[in-house]
Amino acid sequence: MVSGKRTIQLFLGLMLLGLIVYPCSSADPTGAATLEEKPDAPVNFSWTLMCGFLVMFMQAGFALVETGLTRAKNAANIVMKNLMDFCMGALSYWAVGFAFMFGTATGISGLIIGFDKFFLMGEAYDVSTMELWFFQLVFCATAATIVSGAVAERIKFSAYIIYSVVISAIIYPIYGHWVWGGGWLASSEFMTTLGGGYGALDFAGSGVVHAVGGFMALAGAYLLGSRIGKYKKDGTPVAIPGHSITLAMLGVFILWFGWFGFNAGSTLAATELHISIIAVNTALAGAAGAMMTMFLTWWRFGKPDVSMAGNGVLAGLVAVTAPCAWINPGAAVFIGVIAGVIVYMGVWFLDHRLHIDDPVGAVSVHGFNGIWGLLALGLFADGTYGVYTTQGPMVTGLLYGNAGFFLCQVINSVVVFAWAFGLGLILFWVLKHTIGIRVSREEELQGLDIGEHGTSAYPNFVTTEPAVDGDIA
Amino acid sequence: MVSGKRTIQLFLGLMLLGLIVYPCSSADPTGAATLEEKPDAPVNFSWTLMCGFLVMFMQAGFALVETGLTRAKNAANIVMKNLMDFCMGALSYWAVGFAFMFGTATGISGLIIGFDKFFLMGEAYDVSTMELWFFQLVFCATAATIVSGAVAERIKFSAYIIYSVVISAIIYPIYGHWVWGGGWLASSEFMTTLGGGYGALDFAGSGVVHAVGGFMALAGAYLLGSRIGKYKKDGTPVAIPGHSITLAMLGVFILWFGWFGFNAGSTLAATELHISIIAVNTALAGAAGAMMTMFLTWWRFGKPDVSMAGNGVLAGLVAVTAPCAWINPGAAVFIGVIAGVIVYMGVWFLDHRLHIDDPVGAVSVHGFNGIWGLLALGLFADGTYGVYTTQGPMVTGLLYGNAGFFLCQVINSVVVFAWAFGLGLILFWVLKHTIGIRVSREEELQGLDIGEHGTSAYPNFVTTEPAVDGDIA
Amino acid sequence: MVSGKRTIQLFLGLMLLGLIVYPCSSADPTGAATLEEKPDAPVNFSWTLMCGFLVMFMQAGFALVETGLTRAKNAANIVMKNLMDFCMGALSYWAVGFAFMFGTATGISGLIIGFDKFFLMGEAYDVSTMELWFFQLVFCATAATIVSGAVAERIKFSAYIIYSVVISAIIYPIYGHWVWGGGWLASSEFMTTLGGGYGALDFAGSGVVHAVGGFMALAGAYLLGSRIGKYKKDGTPVAIPGHSITLAMLGVFILWFGWFGFNAGSTLAATELHISIIAVNTALAGAAGAMMTMFLTWWRFGKPDVSMAGNGVLAGLVAVTAPCAWINPGAAVFIGVIAGVIVYMGVWFLDHRLHIDDPVGAVSVHGFNGIWGLLALGLFADGTYGVYTTQGPMVTGLLYGNAGFFLCQVINSVVVFAWAFGLGLILFWVLKHTIGIRVSREEELQGLDIGEHGTSAYPNFVTTEPAVDGDIA
C-alpha cells in the first residue's frame, strides 16, 4: 500500500517535471528537415515502426504462452503481470533506460553507460530519436516479460512490479549499451581488434534481449523456490499441466508473427534488402526447432508433445535472433535443430538435476538458446553481410576462418550470463529480504488471482485441479 | 423474419444496381497515372493500408474485451454482434456513409454534409479514393463496435443490426464530415477565425470515433435499462464478473497493437516522419493510463484490479488519439494519467450515481475520455506540427497561448456529445417503440446465445453462475 | 516410432548437405546490387514481406477456427497439427517445393514443372529470390492447413504429418507452377490464345491455394469416414457443436486481418497502387458473404447462426481471392453474396446428401468457393487492370466480352479439382493401406489429445459432452 502511494507520487512528480522542461523548439520535431536530408526516411520509418508494432504485439504472445502453460487459478495474475511490465517498462525506459542505453557515449565512461536523453528531452525530441526509442522500447519490454513465466504462480505482484522497473530502467539498458549503444563489448579497441574489425555482435538480441531475460528468470526462479507440489520428497518432478494448450499455442503463433518484426525490423531500414534473407532464416529456424522437439519427444515418450513443440519454435527463434542477418538458410535450419535439442535437454536438466521450477521453460528457451544464438553467430557468419549494413567489413565466423570473432562471442556469452544472473540474484535477494517475493502458502494454494487481485479469471466455469501424488514435498 | 427478407432484397437490389452502373473507365483504376504524378504514393499507400489492416484487427480486440468482461452464456452473441457490425458497417459505409462524409462539399450545404461517391461509383473508382475509403471504413467500424459492449447481455440482435447500419450510414459519417470532410467544425469561417487559422481538430478520432461511439453507448445503455441482478433494491450495484479475464486482456493487447495503426496511420502518409512521435505518444499514454488505474485500485481496494488496468490502457489510448500528433511525450504521459483517473471515476459515477449499467465501461473509456482527448489537444498542442501536415500554421493550445483553439475544442466537445447522445436517444427510442430493443426476461436469464442464436459458446464445459445477493431488483 | 527416427535422420542429412554446399559468394546476398538496379525495391520488399507476415499469422486463425468448431477433447491435437503443418511445410518447401514451383522453366518440361533452386542454393541465395520464397511459403502453408479442419477429430497424427510434407513438397507446388510459375495453364500457347493474350489467371490463389486445399480436404474427409456419432442409422446428420465459438470467431477475425496481406500483398509491389482497390474488394466480399449467410440462416431457422456467419466471411474472402485485382467493388459485393449462398448450400449438400463429415466446413469454404472465385474472375474482370501489373493487355471476363478467358477459367477449375481431389484420394488411400489414417474407436471417443499426445488441453476445467440421440450409427 505504502509503496503504491509512493510510487504514484514519484511518477507524477517525474512526469510533471518532464512536462515542464520539454523544450519544444529543439531539433526537428515536424520531420521536415530529416525528410529533406534523407529521402529514404519514409520507407525506413514505416518499416521500422511497423516492425516495432509487431514486436509490441509479442507481449500478447508471451501473456498467452505463460498463462496457457500455468493453472487457471493464476491466469488473471499472469496476464496482469504481462500487461504491467510493458506499461512500467515503457515509463521507465522513457525516464532513464533509453538514456543509459543510447545516451551520448564518449570516452572511457561511454564504453560503460550513456547519460543523456532522459525523458526524451531536448535534442531527443526529434523524429529519428523517437523512432529509435520506440523500436528499442518494445525490445526492452520483451526482455522484461520473459521473466514473468519463470516466476509464475508464486511471485508477489508488488515484487514483480519493482523488478520490471529495475530491469527496464537499469539492467537491460546497461548491457544493451555495451552491445548496441557504443559500449565496450562491441566498440572497445580490445574487442574490435580481437574480432578483426568488429567486436561482439548480436543482430536482433539473442543476448541483449533473450539471454538477459532468460538468466534473470533463472535467478528469480531459483530464489523463489519451486511451486508447492512440484517435486516429490525424493526430488522427482511432478508435471503441473497448464490450463489451456489452445491459448498457449495461439501465443506461440503470435510470438512467431511478431518475431519477423523483431528480426527483420532490426535492420532499422527497408533499404537493407537483406530483410528478405532475415525473414527466411526466421521462418526456417523456428520450423526446424519445432520439428526437432516434436521428433525428440515422439522418440523418447512415444507421443509428440504439444507444448514442447511450441517451445521448440521459440527455441529456434531465440537462437536465430543473433545470427539471422549473417547466415544462410542451411545454417538457420541447423541452428534451429540444435536449438530444439537444447530446449529439450535444458528443460530436463533444470527440472531433474537442478530442481529449479520454471513453469514455462523460459530459462531453456531464452537463456540457454540465447547463448547458443550468440555462439552460432560466431560459428556460422558466412561473410555475406556487413556490420548491421551492406557496407564495411563482412562478418565471418569460426567456420569461415575468423576465430577471433568467435572468441568475442564467447566473451559476450560469459558477460551476459554473469551480468543478468548476477544482478538477478542481487535484485531478487534484496527484494526477498525486504518486501518479500513469495506469496503465502495459503494464497498459492488458493491461487494468486484471488490473493493478489481479488478476482477470478473464469468465474463462469467449473474448475478443478488434477490430483497429484501423495508424497509431495 | 420479415425484416430479414426485406433487408436481403434491399441489399441485393442495391448491389446489382451498383454492379450495372459501375463505370470502369473512370479516373485512374490501374494507378499508373497517380504513380507518375506522385512518386511518393507507394510508400504512403503501403503505410496507410497496412495501418488500416491493423485498425481492422481492432475488431477482434473489441470482441474479446467485450466477451471477456461479460458472462459465458452471452459469449457467442457478443462476438456475433462484433462481426456483424463490421460487415453491415462496411456495406453501409460503401453504399452511403462515405458519400455523406467525404462526398464533394461545396457551399453552405457542404459545411453540413457531402453528397456524391455513393457506392464508390464514377470518379470514386480511383486508387486514391479507394485508399481513403478503406482507411475510413475501419475507423467507422470502430465507432460502431464501441456501443456493443455497453448494450451487451440484453439487447435484441435485430435491433443491434439496425443500429449498426444507421451509425455507419448516417450518424458517424455526418459528424465525421464536420471534422474531417470539410464541414463546419473544422472549416467554417467562424471556427477557423476563432481557432486562429484552423477550427476544431481531431488527429485520429478521440471525438469522431470514440466519443461518437461512447455517447451512443450511453444512450443505448440508458434506454435498455440495467441487466437483471445488476442493482439491489436499494440501488447498490452488484459486480457481475466477466467469464474470461484472459481473453479480455488479450483483447486489450490486440487493441493497443491496432491503435498504433489507428494513430500513426492517420497521417495517411509515411512521408510525414512525425509518425514516430505519434507512435511514442501512443505507447506512453496507454502505459500511463494503466499505471494510474492500477495504483488507484490498489490504493482504494488494497489490490490492483486487472480489468481496470486493461481499461486504463484503453482510456489512455482514447485520450491521446486526438492530440497524438501535436503533443510531446511529457504531455502524453500526463494525458494518460488523467485518463486513468477519468475512467476510474467514470465507471464509479455511472454505476453508483447514475445507475446506468455499462458492462464493459465503454462510456467511460470512449465517451468521457474522448472528450478529455479533445480538450487535452486544446490544452497541450505545443506548436511542433501543423494541421495534419508539417506545413502551414503550427497548432498550439491554451497552455501555449492559443485560447481560441481551446474554445474550438470545447465547442467540438459539446457538439459531439449532443449529436451522439441525442441521435442515440432518438434511434434507440424509436427502435424500442417499434421492434423492441430488449430481449425477454427468460431469454436474458438463460443467456442470449440460446435465445438469439440457438447455440452455446462453450458446450463442452460445465458452466455456472456465481450466486448473487438475495434482494436483487 | 521408426518412421519418426528415419525422418529425423533424413532431415538432418538433407540439412547438413545444404549447409555444406551453400555457395555464399553467389548472386547478391547483401542486396546492394539489387538496390542500385531497382530503386523501388525497398518499398516493394517491405510491402511484400509485411504482407507475408500477415499471411503467416493466418495460421493462428486457421488453428482457432478449427479448434473452436470442434470438441475440447481434441483441441491440443488440432493446434498441434496446425503448428506442425507450417513447420514441416516450411522445411519441405525449402527443400524441394519451391524448386518445383518456381525453378527455371524452359521448353516443354518447363510447362509441367520447375527443377532448380532446391534448398535455395546457388543462384537462389539472393535477396529477390528469398523475398519470393518467403511470400510463397506462407501461401503454401495456407493450402496445407486448410485440410486440417476437414479431417479433424479422427485422423492419425503421423498420417497428417506425412500428408503435410507431401502437399507442401509436391502437390501444391506442381499445380502452383502451372498457374504462377510459367506452367501450361497460364503460359502455354493453347491457353494464351484461348484467353486472348493471357491464359488462366488467379490473382492471389482462390484456385492455387484454396481449391487445392479444399479438394484435398474433400478426399481426406471422404476416405476417413465420418466421426462416431455424426450420422444416425438413417443417415440424418447430427450437429456436433464446437467447444469455443469465441475462439472460432477470433480465428475468423485473424484470418480476415491476414487476408488483406494475402490479397493485396500478391501484387508483390507497393508501386502497384491497385493495392488499395484490392483491399476494398477484400473488405466488401467478406462482409457480403457474412451478411448473406446471416440472413439465410435467419430466414431458414429463425435465428442468425454464428458459426455460419463466420464461414460466410471466409467464403466471401476465398471467392474474391482470385478476382480481387481485376474487379470493381460492386462485383466484389456480388461475389461475396453468392459465396455466402454457396457455403450455406455446400455445407448442407455435403452433410445431408453426400454424408461426408467436414467438421468445420472447409470443403465448402475453400473448395467450392475456390472454384467460384476462379469462375467469377472469368465473368467479372472489367478491363481495369493488366496481367498482375498495370501494364500490358487489360484482363476482361465474359460479361465484358471475353468468352475465351472464361473458358480458360473453366478449364482451370476442372484441372484444379481433378488434380487436388485425385491426388488427395491417392495419397490418403496409400496412407490408409500402409500406416493407417484413422485413430482407433476407443481413442476417438476418449479424444485425440490423450491418444495422440498424452495430454489434455484444459485440465483445470470440468468438461462434458452433450448427449446425442440414441440411434447413432
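Taking the range C:229-245 as the region of interest, how many residues are exposed (fewer than 15 other Cβ atoms within 10 Å of the Cβ) and charged (D, E, K, R)? Qualifying residue count for the region: 2. Test each condition in (1) open to solvent by 10 Å² or more (accessible area, probe 1.4 Å); (2) touching a Cys at 6+ places or on another chain (Cβ under 9 Å) for B:Gly378 and report the one that comes out false. Condition not satisfied by B:Gly378: (1). For residues that are more than 7 Å from every other protein chain (Cβ to nearest Cβ), open to solvent by 10 Å² or more (accessible area, probe 1.4 Å) and in a loop (DSSP other than H, G, I, E, B), tally how many sit in the range A:41-85. Counting residues in the range A:41-85 that are more than 7 Å from every other protein chain (Cβ to nearest Cβ), open to solvent by 10 Å² or more (accessible area, probe 1.4 Å) and in a loop (DSSP other than H, G, I, E, B) gives 1.
Note on the range C:330-388: residues that are within 14 Å of another protein chain (Cβ to nearest Cβ) and of a type in the set (Asp, Glu) amount to 1. Every condition in (1) away from chain A (no Cβ under 14 Å); (2) not in a loop (DSSP other than H, G, I, E, B) holds for B:Ala264 except the one numbered (1). With respect to the conditions (1) over 30 Å from A:Thr464 (Cβ atoms); (2) more than 7 Å from chain C (Cβ to nearest Cβ), A:Thr271 lacks only one, and its number is (2).
Each residue in the range C:271-313 was checked for being part of a helix (DSSP H, G or I), free of Cβ contacts under 8 Å to residues at least 24 places away in the same chain and small (Gly, Ala, Ser), and 4 pass. State yes or no: is A:Asp351 charged (D, E, K, R) and in contact with a strand residue (DSSP E or B) (Cβ under 8 Å, 6 or more places away or on another chain)? When the stated conditions are applied, A:Asp351 passes them.
Looking only at the range C:104-116, which residues are open to solvent by 60 Å² or more (accessible area, probe 1.4 Å), in contact (Cβ under 8 Å) with a residue 12 or more places away in the chain and over 23 Å from the mean Cα position of the chain (by Cα)? Of everything in the range C:104-116, those that are open to solvent by 60 Å² or more (accessible area, probe 1.4 Å), in contact (Cβ under 8 Å) with a residue 12 or more places away in the chain and over 23 Å from the mean Cα position of the chain (by Cα) turn out to be C:Thr104, C:Phe115. The set of residues in the range C:342-365 being aromatic (Phe, Trp, Tyr) and surrounded by fewer than 16 Cβ atoms within 10 Å (Cβ to Cβ) consists of C:Trp348, C:Phe349. Selection of the range A:269-320 for residues being farther than 17 Å from C:Ile161 by Cα and among the charged types (D, E, K, R) yields A:Glu272, A:Arg300.
Taking the criterion of being in a helix (DSSP H, G or I) and polar (S, T, N, Q), the only residue of the range C:86-105 that qualifies is C:Ser92. Looking only at residues in the range C:423-458 that are surrounded by fewer than 20 Cβ atoms within 10 Å (Cβ to Cβ) and free of Cβ contacts under 8 Å to residues at least 60 places away in the same chain, which one is nearest to the other protein chains (Cβ to nearest Cβ)? If we take residues in the range C:423-458 being surrounded by fewer than 20 Cβ atoms within 10 Å (Cβ to Cβ) and free of Cβ contacts under 8 Å to residues at least 60 places away in the same chain, then C:Gly454 is nearest to the other protein chains (Cβ to nearest Cβ).
Pairs meeting the criteria (first residue in the range A:28-40 and within 9 Å of chain B (Cβ to nearest Cβ), second residue among the acidic types (Asp, Glu), beta carbons under 6 Å, at least 6 apart or on different chains) are A:Asp28/A:Asp126; A:Thr34/A:Asp28.
Examine the range B:106-118 for a residue that is within 13 Å of another protein chain (Cβ to nearest Cβ), under 27 Å from B:Trp184 (Cβ atoms), of a type in the set (D, E, K, R) and not in a helix (DSSP H, G or I), and state whether such a residue exists. Looking for residues that are within 13 Å of another protein chain (Cβ to nearest Cβ), under 27 Å from B:Trp184 (Cβ atoms), of a type in the set (D, E, K, R) and not in a helix (DSSP H, G or I), one finds at least one in the range B:106-118, hence yes. Going through (1) surrounded by fewer than 17 Cβ atoms within 10 Å (Cβ to Cβ); (2) touching a Ser or Thr at 6+ places or on another chain (Cβ under 7 Å) one by one, C:Gly383 falls short only on (1).
Out of all the residues in the range C:243-253, is one or more facing chain B (nearest Cβ under 8 Å), more than 21 Å from the chain's Cα centre (by Cα) and not in a helix (DSSP H, G or I)?
Yes, the range C:243-253 has at least one match.
Which ones in the range C:281-333 are open to solvent by 10 Å² or more (accessible area, probe 1.4 Å) and more than 22 Å from C:Gly149 (Cβ to Cβ)? Answer for the range C:281-333, where residues must be open to solvent by 10 Å² or more (accessible area, probe 1.4 Å) and more than 22 Å from C:Gly149 (Cβ to Cβ): C:Trp298, C:Trp299, C:Arg300, C:Phe301, C:Gly302, C:Lys303. Apart from one condition, C:His433 fits all of (1) farther than 27 Å from C:Met345 by Cα; (2) touching a Ser or Thr at 6+ places or on another chain (Cβ under 6 Å); the exception is (2).
Taken as a whole, the range B:141-149 holds no residue that is of a type in the set (A, V, I, L, M) and surrounded by fewer than 24 Cβ atoms within 10 Å (Cβ to Cβ).
If you go through the range A:415-461 and keep only what is touching a strand residue (DSSP E or B) at 6+ places or on another chain (Cβ under 7 Å) and in a loop (DSSP other than H, G, I, E, B), you end up with A:Ile437, A:Asn460. Given the criteria in contact with a helix residue (DSSP H, G or I) (Cβ under 8 Å, 6 or more places away or on another chain) and at positive phi, does A:Gly149 qualify? Spelling it out, it is not the case that A:Gly149 is in contact with a helix residue (DSSP H, G or I) (Cβ under 8 Å, 6 or more places away or on another chain) and at positive phi. With a requirement of 1 or more residues that are of a type outside the set (Asp, Glu) and farther than 21 Å from B:Met294 by Cβ, the helices (runs of 4 or more DSSP H) lying completely within the range A:142-233 that satisfy it span A:172-180, A:184-187, A:189-195, A:212-224.
The values are calculated or read from the model by the stated rules, or taken from the named source; none is laboratory data. Since the structure is predicted, the reported quantities are computational estimates derived from the model, not experimental observations. Backbone-built Cβ (ideal geometry, glycine too); neighbour counts: all protein chains shown. Ligands, DNA and RNA are stripped out before the accessible areas are found, and what is left, the full protein with its side chains, is counted by its heavy atoms. Shrake-Rupley method; radii C 1.70, N 1.55, O 1.52, S 1.80 Å.
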